Amino acid sequence: MSDENRQLLLRERPLGVVTDECFEMARTAVPQPGDGQILVRTLWLGFEPAMRGWLNDIRSYTPPVGIGEVMRAWGIGQVVDSRHPDHAVGSLVHGDLGWQDYALLDGGDTGIERVPDGISDPRLMLSVAGLTGLTAYFGMTEVGRPEAGDVVLVTAAAGATGSVAAQIARALGAGRVIGTAGSPEKRDWVREVAGLDDCLDHHDPEVRRAIRSAAPEGLNVVFDNVGGSLLDAALFNIAVGARIALCGSISTGYRPERPEVGIHYYQLLTTRRSRMEGFLVSDHSDRYTEARQRLLDWVADGSIRVEYDVLDGLEHAPEGIRRLFEGKNLGKQLLHVADPG
Ligand SMILES: NC(=O)c1ccc[n+]([C@@H]2O[C@H](COP(=O)([O-])OP(=O)(O)OC[C@H]3O[C@@H](n4cnc5c(N)ncnc54)[C@H](OP(=O)(O)O)[C@@H]3O)[C@@H](O)[C@H]2O)c1
């Protein structure tokens, strides 16, 4: 075990793109756990667009990361020293480890979860069995609620959440599931590996018409990760009684200023008697165990295919956020920090 703990601290808040210079690498001694604490070696870190929002000095559903603090990040780690009875040395845990080699955690913190024994690959806890998959699950089953034969559109369908949401819709019996994605490679993956019926290019200036061609009878469900003009193009194509699940709006860049991006076709919600509803995965935390089991069953029977996009080395963590906003990731963006001991 190294005696040095590298930590990426927030140096300055980004205005636009998250640059490497927004962070500084500190090197400190590896801390010793006190009573009730555990020391966790970071193995994997996950990246979510929300992390860009945590860098803004704006209070949201979670407080911003402070200047000089370790960047907040969910990860998988191995307990290397323990003074808490529930956490044996060697076991794997999932929680807010931050961008650092070692995290000193309160062993009783309910946010620290043991990676269940049945999970063959711990990366599943950062993707389909973690907040990503749970977001897709609750957004699709509680808000989108596809019925047999429905036509479903999922934006950012080659991304971590969208790919799972789309495959859930198919597993629930939707008639036709269509995605959007930004590159030919991603669209091939969505059709050929994830098995969606079609995948459209969201850069196409005629995407509104492309949706109309792909779904001439209209969209019954929209699961939207993107917002802005793509959401507008989807709204233009809704059927009567459509459900639009607002999962996220990555096209806004989650920058500190609230961009004045309007949607034009909201009046169709009235004439087509439809419902548009936002949701947060954390609203359903009492049902995570049940949802996770269902998701893992779908992975086991081949209904859900999971893809990872892996960076290597703690120093590359800022790039992990950038890749999401530049559309470079296919599947869940991860960063490998270390192997288990
Ligand atoms: N409601 C909740 O509780 C909750 C929880 C977690 C995440 N979310 C939201 O879920 C969404 C997906 O998150 P994720 O972690 O799964 O990320 P992701 O989809 O794996 O990565 C983001 C993807 O968004 C696409 N994108 C980026 N900028 C875009 C733009 N300007 N226009 C269109 N597409 C763009 C890119 O794919 P392309 O190549 O297709 O452009 C990129 O790969 C985000 O909006 C996030 O905020 C919501």
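Each reported figure results from applying straightforward, stated rules to the coordinates on display, with no laboratory input. As the structure is a computational prediction, the values presented were derived from the model and not from experiment. So basically every Cβ, Gly included, is an ideal-geometry build from the backbone, and we count neighbours across all protein chains shown.
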- region 273-341, relative contact order in percent, only Cα pairs under 8 angstrom and at least six apart counted: 29
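Nearest 5 is fine: what % of DSSP beta bridges in the chain come out antiparallel, could you say?
Roughly 55 percent of the DSSP beta bridges within the chain come out antiparallel.
Could you line up Asp198, Asp101 from fewest to most neighbouring Cβ atoms inside 10 Å? Kindly include the intermediate steps, with their values, before the conclusion.
Values: Asp198 19, Asp101 22.
With the fewest neighbours first, Asp198, Asp101 line up as Asp198, Asp101.
Can you list the trypsin sites (Lys or Arg not before Pro) in region 57-143 that are in a DSSP coil and have 12 or fewer other beta carbons within 10 angstrom? Kindly include the intermediate steps, with their values, before the conclusion.
On the way: sites: Arg59, Arg72, Arg83, Arg114, Arg123; in loops: Arg59, Arg72, Arg83.
The qualifying sites are Arg59.
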- region 237-341: which GluC sites (Glu not before Pro) are DSSP loop and have at most 12 other beta-carbon atoms within 10 angstrom? Glu257, Glu260, Glu326
- Task: Mind running the shape call on region 63-133? Use the C-alpha gyration tensor, a ≥ b ≥ c as the square roots of the eigenvalues: rounded below 1.5 for a/c, prolate if a/b tops b/c, oblate otherwise.
- Result: oblate
- Interchain or long-range residues, amide H under 5 Å from Leu311's placed H: Leu334, Leu335, His336
- Message: Based on alpha-carbon centroids, what's the gap between region 172-230 and region 1-76 in Å, whole number please?
- Response: 35
- Message: Can you tally the net charge around Asp81? Count Lys and Arg as +1, Asp and Glu as -1, for every other residue whose Cβ sits under 13 Å from the Cβ of Asp81.
- Response: 0
- Message: Could you tell me the relative contact order of region 24-170? Use alpha-carbon pairs under 8 Å, at least six residues apart, and round to a whole percent.
- Response: 21
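Of Met71, Met276, Met140, how do they rank once you tally other Cβ atoms within 10 Å and put the fewest first?
Numbers: Met71 22, Met276 18, Met140 28.
In increasing order of surrounding Cβ atoms, one gets Met276, Met71, Met140.
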- Note on the structure: The residues Leu55, Leu230, sorted from fewest to most surrounding Cβ atoms within 10 Å, come out as Leu55, Leu230
- Message: What are the membrane-span-like helices in the chain by this rule: whole DSSP H runs, Cα extent along the axis at least 15 Å, mean Kyte-Doolittle hydropathy at least -0.5?
- Response: 160-171
- Item | Stretchable slack from Gln267 to Arg255, in nm (0.36 nm times residue separation minus alpha-carbon distance) | 1.6 nm
- In this structure, the FRET efficiency calculated for Ala338 and Glu277 from their beta-carbon separation, with R0 = 45 Å, to the nearest 0.05, is 0.65
- Scoring the chain by relative contact order with C-alpha pairs under 8 Å, at least six apart, yields a percentage of 18
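What value, in deg cm²/dmol to 500, does the helix sum -39500 (n - 2.57) over DSSP H runs of n ≥ 4 give at 222 nm once divided by the residues of the chain? Show your work: numbers first, answer last.
Values: 9 runs with 76 residues, N = 341.
It comes out at -6000 deg cm²/dmol, rounded to the nearest 500.
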